[in-house]
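Only the coordinates and a few stated rules stand behind these numbers; no lab work does. Not measured: the values here are computed from a predicted model. Positions of Cβ are generated from backbone atoms using ideal geometry, with glycine treated the same way; all protein chains shown enter the neighbour counts.
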Amino acid sequence: MQRGACFAAVRQQAPFTASRMPGRAALLVLALGLAATAQKSTLTLDPPWSIVFKGESVTLTCSTSHPPGRRFTWYRNNKVFRSTEINSLKIKYAQEDDAGRYQCQASVFRRSDPVQLTISNDWLILQVPYYGVFEGDPLCLRCYGWKGARVSGIRYYRDGADVTPSHVNSELSIKQARTHDSGKYQCTGSMRTTVMVTKVNSPTVSISVQELFSTPVLRAAGSGDPIEGSSVTLSCVTQLNPQKSDTPLQRFFYKDSRVLGEPRSSPDYHIPVAGLQDSGSYHCEVQTVTSSVWKQSPKLKIAVKRIPASQVSLEVQPLGGQVTEGEWLMLNCSVSMGTGPITFSWHREGARQAMRTETRSSQRMVYEIPAATETDTGEYYCMASNGNAPAPSPRVKVAVKVPVSPPHLTISAAGSWAAIGDVVVIQCESPRGSAPILYQFHHEGATLGNRTVSSRGPGSLALNVTSERDSGTYSCEADNGMASGPQHSDSFHLSVLVPVSGATIATDRMGPEVVAGESLNLSCLVESGTAPLFKWLHNAQELAAASGLDPPIAVGNMLHFWSVQLGHGGNYQCIASNQLSPQRVFQAPSEILAITVIEHASARVVVPVTVSILFLFLMGVTAALVFYFKCWKKAEGMVFNALGRDTWLPVQQEPPGQRLPPPGSLGLHAEEPSYSNVCPLEPESGDVEYTVVNIKKRSGDKPKGTLPRDNGMECSTCRLESWRPCPWLVPSALGLTSQSRDGGKYSGSAQLLLPSEVS
């Protein structure tokens, strides 16, 4: 894209930012920016045109009066479409959907003014600055062909009228724009299109040259013409455009077309003592320092008066200005001096306009309010004038008394709760009612205290919450001494929360050691506290299920272990808490309780016992087989199932530290085993040897997790008896043909008889 002199002029007029200011000026703007709050961001375009061709690139830059931070938000058509960490955004190869109304926002600054960007697909466009053009600024326009194509015979039009200067090229420059330069602009020219040279027209572009400052108005301080001997202040009032608020202006004052002194930056001109000679026609003129823009105010006629109305007074009925709401109120304004028709006006302090203005050939006039309301309370005065400056009366106070309305009770507590040690402020306030108002506070019907307010506002009472006795119902009443009597508020119920304290851990065990497999209960107890919640810690961490362990169950203040495992050992602590709000939490940690988990003692003796029993068992089976094959041939087909005993019988465990009992302790020598299935084989066969083996399962259950081992059998005694057993009954006599798989507890003992031949 070609960039000529017009382009350079447009760049010079781009919005002014701190980045373009050198040295001290930049530091000054930076200091001012830091002192201000919510400065506005500034959006600029490069190239600085509001319309570009499709496929061209445009760079958007977001600037501020001081360092903007590291976050920039970009808006198109009032919607966020990009966020960057640098203050520039490049639109490469712009398309038609890139057109729109752009804004930017730097960090905490306010959003910039909008900039309209148009993407054109025409052969010829008229490029105008994207920013606002003000009076006195240069205005530069460029007639630009597609992809920089040469355009000949260029003509410029404003609102249909040809405004082409005598010497014209692709650029049209107006050195000092005026508001009358605003309008709809268009350019035409000849250029080669696809196959031929054609005359083409650009789209119409609207240009508005904005007013730099408003037309000034000359005003005289006070109302009406001045009185002789008084001072007069003339003010030349104008308003700079907010975007040009830093433009310096100077003012000239004129009386009867004669300049009064040198130009001044101040908008005021003072006449210390006015006389009749100061009467006349005044006006002022405002211009820029460079005189590029100047404007003149309308003329103001000032006539200095000599005999004003004076000694103005105001009387109020009822006397004293005390009125009950709904009563009649009269304001009587009068003057002691003044001639001719007098203009009376009635005013209330703080109001911008008079309540009423009327002119009479009288020195007295009454203003009536048929039914006074609370809004009529205030200070009143009246003013009188006979063409001179209005004279005010002294102020008179009017108080419209309003009966008190039912008050509202509020308590500065979190919801309806307060903690012991808090200071709760109780407020009682009536929406309507004349002061002074007496507020009385109650707790459960008993009086807490009184407060009297002399102006609009609540009555307050501070309550130190010391115990749960401060819970209960609170209310208040309001009274301003009028006939309606005291008015009562709704009640408010306050609950007092006792902060949790004195947490301890209790256990259902006598000592700190727990045998693996047993159950365990821990309790968290507190000395005091309202509705406490409980949290459990195991080894200084919140309680959680370790890998492979059954997690304990926490219910209320209880922690229950169904089956304690070795991994459950360690340090336990509970933390009790309650709270008024997320910001006010009370906690009471307990002391640490150390729990030691030990293995079941029977696991240390089950292996040697099992080996001993299995050895005796095999010896007995061997003896039975020898006896069988030597003595009873008829029993060859019988099944001897003693060797078929399975190892899946319940594992037997001995109590910790218990040894195997001596054979005599079982008492087998004192009681002979008697069986109906035992009989002598031959009278002369002699004695028979048999063995009694007790097989007994202990009463205690097997600890969870114990590995299977051999059945626990005890050989309590082996001895010779004179028995002659029948060989076909040997298997039954052994008592091993029926085996129990129920895994339950056994009572008593089972006997195993192993006959063998005596050598």
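At a 10 angstrom cut-off on C-beta neighbours, averaged per residue, how do the peptides 338-345, 358-365, 376-383 rank from highest to lowest? Could you put the intermediate results ahead of the total?
Details: 338-345: 17.9, 358-365: 13.6, 376-383: 19.4.
In descending order of packing, they fall as 376-383, 338-345, 358-365.
Pull out the extension gain between Thr375 and Lys147, defined as 0.36 nm times the separation in residues minus the alpha carbon to alpha carbon distance; nm, one decimal.
75.0 nm
What ranking do Tyr93, Tyr269 get, fewest neighbouring Cβ atoms within 10 angstrom at the top?
Ordered from fewest to most neighbouring Cβ atoms within 10 Å, Tyr93, Tyr269 come out as Tyr93, Tyr269.
How far apart, in nanometres, would the label points at Asp508 and Ser581 be if each is projected 7 angstrom from Cα along the Cα-to-Cβ direction?
4.2
Run the paramagnetic zone check for Gln250: 7 angstrom along Cα to Cβ, then residues of the stretch 280-301 with backbone nitrogen under 12 Å.
Only 286-292 pass the distance filter.
Below 8 Å, C-alpha to C-alpha, sequence gap of six or more: please give me the relative contact order for the stretch 416-497 in percent.
Once divided by the residue count of the stretch 416-497, the mean separation gives 37 percent.
Using modelled backbone amide H atoms (1.01 Å from N, in-plane), which distant-in-sequence or interchain residues come within less than 5 Å of Ala414's amide H?
Excluding prolines and chain starts, which carry no amide H, there are no hits.
Provide, in order from the shortest bin, the percent of all Cα-Cα pairs of the stretch 504-598 in each 5 Å bin, continuing until the bin that contains the maximum pair distance.
Pair shares across the bins are 3, 13, 24, 25, 16, 9, 6, 3, 1.
Please say if the stretch 507-561 is rounded, prolate or oblate, where rounded means a/c under 1.5 for a ≥ b ≥ c the square roots of the C-alpha gyration tensor eigenvalues, and otherwise the choice is prolate for a/b larger than b/c and oblate otherwise?
It is oblate, given that a/c is not under 1.5 and a/b is not larger than b/c.
Evaluate E = 1/(1 + (r/R0)^6) for Lys199 and Asp46, where r is the Cβ-Cβ distance and R0 equals 30 Å; express this FRET efficiency to the nearest 0.05.
About 0.40, to the nearest 0.05.
In what order do Lys199, Lys79, Lys255 fall by count of nearby beta-carbon atoms within 10 Å, going from fewest to most?
So the residues, fewest neighbours to most, are Lys79, Lys199, Lys255.
Any idea what the dipole of the stretch 217-302 comes to, in debye rounded to 20, about its Cα centre with Lys/Arg Cβ at +1 and Asp/Glu Cβ at -1?
Numbers: 9 positive and 8 negative charges, 54 e Å.
Approximately 260 debye in magnitude.
Take the Cβ-Cβ distance between Asp278 and Ala161 as r, set R0 to 51 Å, and report the resulting FRET efficiency rounded to the nearest 0.05.
The pair Asp278/Ala161 has a calculated efficiency of 0.55.
Taking a threshold of 22 Å on the Cα-Cα distance, which of the pairs Lys90/Lys175; Lys40/Lys244; Lys54/Lys244; Lys92/Lys175; Lys175/Lys295 fall above it?
Details: Lys90/Lys175 31 Å; Lys40/Lys244 14 Å; Lys54/Lys244 33 Å; Lys92/Lys175 33 Å; Lys175/Lys295 19 Å.
Violating the 22 Å Cα-Cα cut-off are Lys90/Lys175; Lys54/Lys244; Lys92/Lys175.
Suppose each label sits 7 Å from its Cα in the direction of the beta carbon; what would the Ala531-Arg469 distance come out to in nanometres?
A separation of 2.5 nm, rounded to one decimal place.
Report the charge-dipole magnitude of the stretch 283-370 in Debye, nearest 20, computed about the Cα centre from +1 at each Lys and Arg Cβ and -1 at each Asp and Glu Cβ.
640
Obtain the radius of gyration and the Kirkwood radius of the stretch 308-421 from its C-alpha atoms and give Rg over Rh.
1.28
What shape does the stretch 42-103 take by its C-alpha gyration tensor, where a ≥ b ≥ c are the square roots of the eigenvalues and a/c under 1.5 counts as rounded, a/b above b/c as prolate, and the rest as oblate? Numbers along the way, then the final one.
On the way: a/c = 2.05, a/b = 1.63, b/c = 1.26.
It is prolate, given that a/c is not under 1.5 and a/b is the larger ratio.
Is the stretch 217-302 best put as rounded, prolate or oblate by its Cα gyration tensor, with a ≥ b ≥ c the root eigenvalues, rounded for a/c under 1.5, and otherwise prolate when a/b is larger than b/c, oblate when not?
prolate
What order, most packed first, do the peptides 60-68, 587-595 have when packing is the mean number of other Cβ atoms within 10 Å of each residue? Let's see the in-between values first.
Details: 60-68: 20.9, 587-595: 15.6.
Per-residue Cβ counts within 10 Å, averaged per peptide and sorted highest first, yield 60-68, 587-595.
Over all distinct Cα pairs, what is the inverse of the mean 1/r for the stretch 416-497, reported as the Kirkwood hydrodynamic radius in Å?
Over the stretch 416-497, the inverse of the mean reciprocal pair distance is 13.3 Å.
How far, in nm, would the chain grow between Thr359 and Arg178 when pulled straight, counting 0.36 nm per residue and subtracting the alpha carbon separation?
Value of the extension gain: 60.5 nm.
What net charge is computed for the residues neighbouring Thr288, neighbours being all others with C-beta under 14 Å from the C-beta of Thr288, Lys and Arg scored +1, Asp and Glu -1?
Local net charge: -1.
Please give the peptides 125-133, 512-520 ranked by average Cβ packing (other Cβ atoms within 10 Å per residue), highest first, as a rough proxy for protection.
Per-residue Cβ counts within 10 Å, averaged per peptide and sorted highest first, yield 125-133, 512-520.
Residue by residue through the stretch 331-338, which ³J(HN,Hα) values in whole Hz follow from phi under the Karplus form 6.51 cos²θ - 1.76 cosθ + 1.60 (θ = phi - 60°), with glycine and proline marked x?
10, 9, 9, 9, 10, 9, 9, x
Taking the Cβ-Cβ separation of Arg395 and Thr339 as r and a Förster radius of 30 Å, what is the calculated FRET efficiency to the nearest 0.05?
0.70
Going by C-beta contacts inside 10 Å, put Asp97, Asp159 in order with the fewest on the left.
Details: Asp97 8, Asp159 11.
With the fewest neighbours first, Asp97, Asp159 line up as Asp97, Asp159.
What nm distance separates the two modelled labels at Asp97 and Ser416, each placed 7 Å from Cα along Cα→Cβ?
5.8
May I ask you to list the residues of the stretch 392-425 whose amide nitrogen lies under 15 Å from a point 7 Å from Cα along the Cα→beta-carbon direction of Leu448?
Within reach of a label on Leu448: 408-425.
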